Structure formats: structure tokens, C-alpha cells
Amino acid sequence: MRYIGRGATANNDSNVIAAEHFTLSTMVLPAGCVGPLHLHDDVEEVFFILKGSVKALIQEVGKDEVHEIRLNERDCISSPPGVYRGIHNDGDEEALMLVMLGAVKPNLPTYPKGSALEELRIQRAKEREAIINGK
């Protein structure tokens, strides 16, 4: 659910407050849900856990090791631009997370090279530009 800013999407929802400096949304993470590793090259991203417990996944570019950091209710983690980040709800109950991105319209995230998600991102980036440019 978006509250402030449209994020990296091309969707323009009239119920969302126009952003001036950042985006703010919440995400429901069902048990077992994985938000895959992704990288924002232009913005810091903040995860704040409102309900439940999850593992934050952090991987530096060019490194193989993925760090797992337990986040419980009211825990927060901030990931700078250029660092892969993801989330895993490894529990039995749904979790609720607040997400903030440090730009009005951040670039679409990238995924590890060669992954199916990265191929899909490349395709959707073209579609997004067409929507934004009215084509």
C-alpha cells in the first residue's frame, strides 16, 4: 500500500500523496514470503518492521556472502544505494513492514545478473518508459 509517492512504478494513483523527497509504503509479508535481493543504484531504502519478525538480507556488490539480520517488531535497517538488499519472512505468521525510499521517483531496482528477475526488469523498464512518455 503506497502512502507517499508512486515509487519506481509508473502507476499514478490519485489516493497517494504526491512526494517531494521520498516514498513511503507498507508491505504485508505472508509466512514464507521472500522479497528477493535487489539493488537500488540511486536511493537509500529503509525497512521498519511494524508486526512480526523477518530476516533482512544484505549483500555487497561483487561479494558472495549474503548477511542475514533478524528484524523484530520496531526494528529498522537502512541500506545505502549500491548494496543488494532483500527480505525473508521465515516465520509462521504474516509480517507487516514500512518501506521508505529516499527519492520521489527512484530508478527501478536491479537484480543479480543473469537472474530471471533481472531479465523481467529489463523488459518492464522499457514498458515503464513508454507509459511515462505517453507512448
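If you go through the range 27-61 and keep only what is open to solvent by 80 Å² or more (accessible area, probe 1.4 Å) and not in a strand (DSSP E or B), you end up with ASP41, GLU44, VAL61.
Quick check: anything in the range 34-51 out of contact with any Leu (no Cβ under 9 Å at 6 or more places or on another chain) and not charged (D, E, K, R)? Looking for residues that are out of contact with any Leu (no Cβ under 9 Å at 6 or more places or on another chain) and not charged (D, E, K, R), one finds at least one in the range 34-51, hence yes. Being within 27 Å of ALA130 (Cβ to Cβ), open to solvent by less than 50 Å² (accessible area, probe 1.4 Å) and part of a strand (DSSP E or B) is a description that does not apply to GLY86.
Note on the range 89-132: residues that are open to solvent by 60 Å² or more (accessible area, probe 1.4 Å), closer than 27 Å to ILE17 by Cβ and either at pLDDT 85 or above or charged (D, E, K, R) (or both) amount to 6. With respect to the conditions (1) over 17 Å from the mean Cα position of the chain (by Cα); (2) under 21 Å from ALA125 (Cβ atoms); (3) touching a residue at least 12 places away in the same chain (Cβ under 8 Å), ASP13 lacks only one, and its number is (3). Just checking, how many residues over the range 73-83 are of a type in the set (Gly, Ala, Ser) and outside any loop (DSSP other than H, G, I, E, B)? Selection size over the range 73-83: 2. Residues considered: LEU71, LEU117. Of these, the only one that is touching a residue at least 40 places away in the same chain (Cβ under 8 Å) and at negative phi is LEU117.
Checking ILE69, ILE49, ILE87, ILE77 one by one, the residue that is more than 23 Å from MET1 (Cβ to Cβ) and among the hydrophobic types (A, V, I, L, M, F, W, C) is ILE69 and no other.
For ARG70, the conditions (1) modelled with pLDDT of 90 or more; (2) farther than 18 Å from LEU24 by Cβ; (3) open to solvent by 80 Å² or more (accessible area, probe 1.4 Å); (4) in a loop (DSSP other than H, G, I, E, B) are fulfilled apart from (4).
The values are calculated or read from the model by the stated rules, or taken from the named source; none is laboratory data. In this text, all values refer to a predicted model and were calculated from it rather than measured experimentally. Methodologically, a virtual Cβ is constructed for each residue, glycine included, from the backbone with ideal geometry; neighbour enumeration extends over all protein chains shown. Areas reflect the complete protein model, heavy atoms only, side chains present, ligands, DNA and RNA absent. Shrake-Rupley method; radii C 1.70, N 1.55, O 1.52, S 1.80 Å.
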